[in-house]
Amino acid sequence: MGIHTITLPDVGEGIAEAELTEWSVAVGDEISEDDVIGVVMTDKAAIEVPSSVTGKVVWLCGEPGDTIAIGDRFAQIEVEGEGNDKGGSAPSTSAASASAPAQAGDRPEDDEPGGDPGADNENAATPSDGGNTRSSAKAAATPAGAAAPRPQQAPRPTPQRKPLARGEKPLAAPSVRRRALESGIDLRLVGGSGPSGRILHEDLDAYIEQGPSTGAPAGRMPATGTRDIKVIGMRRKIAEKMALSKSRIPHITIVEEVDMSALEELRAKLNSEHGAARGKLTVLPFVMRAIVSAVRAQPEMNATFDDDGGVIHQSDAVHIGIATQTPAGLSVPVVRHTEARSMWDAAGELTRLAGAARDGKAAREELSGSTITITSLGPLGAIATTPIINHPEVAIVGINKMAVRPMWDGQAFQPRKMMNISCSFDHRVIDGWDAAVFVQKLKSLLETPALLFIEE
């Protein structure tokens, strides 16, 4: 037998380290070639690290949240043959196994100290099956069908009950649970005096003798539990990005209401005539087209700001980031060269990227390089939001909830489909006047959607 060491592979150009977010295996597991060992994250891309050999896992490099350098040892696998690690034998796992806490209640035969294993274990040894003499004698002395008598003990105070968090189950052996069920006792109300608050038979005896406390109404428990959740992976990246943006960028946000009635009428007509063949259009492709038109007149909005170097990088290409909620957190896939795409092409690419981001399959290059971003809460929406700029960009366009509102047309109130847009700008490089002009341009284009199809 030999040891094969797997190192953290190169996960992208210019990447020197990655954060470990999860292990897919544990020490002692048997794995095959190409099985995933663990997942690391760099920027906002999660990358699976596969095994290159078949064997048994004998060592893993760290815990989720640790940062690992490219090329460092990631895992060691015990394999047939010599392996690739000539440094010696596999690390001993006995110490780790010995230090791992036993999970209470994992095995049906587990019982509390001082209990009666023979009374609760249906598979207990008997004289006919070669069981030990003590168990045999005990079984013989007990009448058939009768439970073993429990030693008489002096009454003792009921242990103080530690309130359980919502959804948390009391810790007790199967025999204790069965006895509580037969006695009609809610174990959540019983204090446990065993290890880690484990409820013993003696605790049930004391509870029955002294009766339940009357501190809380039946069925209601005070919620005092707390949980410590380590911020790792995607959540850590989001936290770092948001903190960077808010600490460095002085935001100015402008909220404007837009009459979307004409656009919604046009969108419904286009979807009715072309939706089956070309796909349904949402509001976002129209907003993307409006941004492309607006930045032609104000290219300073389609830019990134290197605040360390003091340089603004204006881009001719319009790469629009779309803030997307995923199971792992907020992600921003990028629709590249929106200026060169048709409405349906942009919609199709948007759908593809959003799906890849939600499934965790978006490539690293699909999650970076945006020059301006759109954020939207979709149907949840809001009257207004104050979007945080996607650093190092200088502008972000927020889409809010659409609703029918009464609007005055000069003679009477008319029901109109209204939507607010919330746009934030980097006030270091974008003046308030220029920001207002940009917002009014977007408003004009969205309220007169025919202008979106005019090529300038």
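The values are calculated or read from the model by the stated rules, or taken from the named source; none is laboratory data. Predicted model, so just to flag it, every value in this text is computed and none were measured. Cβ: placed from backbone, ideal geometry, glycine included. Neighbour counts: every protein chain shown. With ligands, DNA and RNA removed, areas are computed over all heavy atoms of the protein, side chains included. Shrake-Rupley method; radii C 1.70, N 1.55, O 1.52, S 1.80 Å.
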Non-local residues with an amide H under 5 Å from the amide H of residue 24, with H modelled 1.01 Å from N and Pro and chain starts lacking one, are 38, 39
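Protein chains only, probe 1.4 Å: how do 423, 61 rank by accessible area, largest first?
Putting 423, 61 in descending order of accessible area: 61, 423.
Sort 169, 280, 401, 269 from largest to smallest accessible area, using a 1.4 Å probe on the heavy atoms of the protein chains.
169, 280, 269, 401
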Can you bin the stretch 238-279 into rounded, prolate or oblate? Criterion: square roots of the alpha carbon gyration tensor eigenvalues sorted a ≥ b ≥ c, rounded for a/c under 1.5, prolate for a/b above b/c, oblate for the rest.
oblate
Shape call for the stretch 294-355 from the C-alpha gyration tensor, a ≥ b ≥ c root eigenvalues: rounded (a/c under 1.5), prolate (a/b greater than b/c) or oblate?
oblate
If you rank 22, 182, 202 by how much accessible surface each has, with a 1.4 Å probe, what is the order from largest down?
182, 22, 202
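Evaluate E = 1/(1 + (r/R0)^6) for residue 196 and residue 63, where r is the Cβ-Cβ distance and R0 equals 35 Å; express this FRET efficiency to the nearest 0.05. Please report the intermediate quantities before stating the final value.
On the way: r = 22 Å, r/R0 = 0.62.
After rounding to 0.05, the efficiency reads 0.95.
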Full-extension gain between residue 427 and residue 251, please, as 0.36 nm times their residue separation minus the C-alpha to C-alpha distance.
62.8 nm
Which of the lysines could a cross-linker span from residue 269 if the Cα-Cα distance has to be under 23 Å and same-chain partners fewer than 8 positions apart are dropped?
280, 401, 417, 443
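Want the number for residue 440 to residue 365: 0.36 nm per residue separation, take away the alpha-carbon distance, what's left?
Length gained between residue 440 and residue 365: 23.8 nm.
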Built amide H within the under 5 Å cut-off of residue 407, gap 5+:
414, 416
Kindly work out what percent of the DSSP beta bridges joining two residues of the stretch 350-417 are antiparallel, to the nearest 5.
55
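With the cut-off at 1.5 for a/c, could you classify the stretch 223-308 from its C-alpha gyration tensor as rounded, prolate or oblate?
Verdict is oblate for the stretch 223-308.
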Could you calculate the contour length gain from residue 271 to residue 32, that is, 0.36 nm times the residue separation minus the distance between their Cα atoms, to one decimal place in nm?
81.2 nm
FRET efficiency estimate (nearest 0.05) - Cβ-Cβ, residue 5 to residue 409, R0 60 angstrom:
0.20
Heavy-atom accessible surface of the stretch 274-397: percent carbon and sulfur, 1.4 Å:
56
Select from 353, 385, 440 the residue farthest towards the positive end of the dipole of the stretch 340-456; place +1 on Cβ of Lys and Arg, -1 on Cβ of Asp and Glu, and compute about the Cα centre.
385
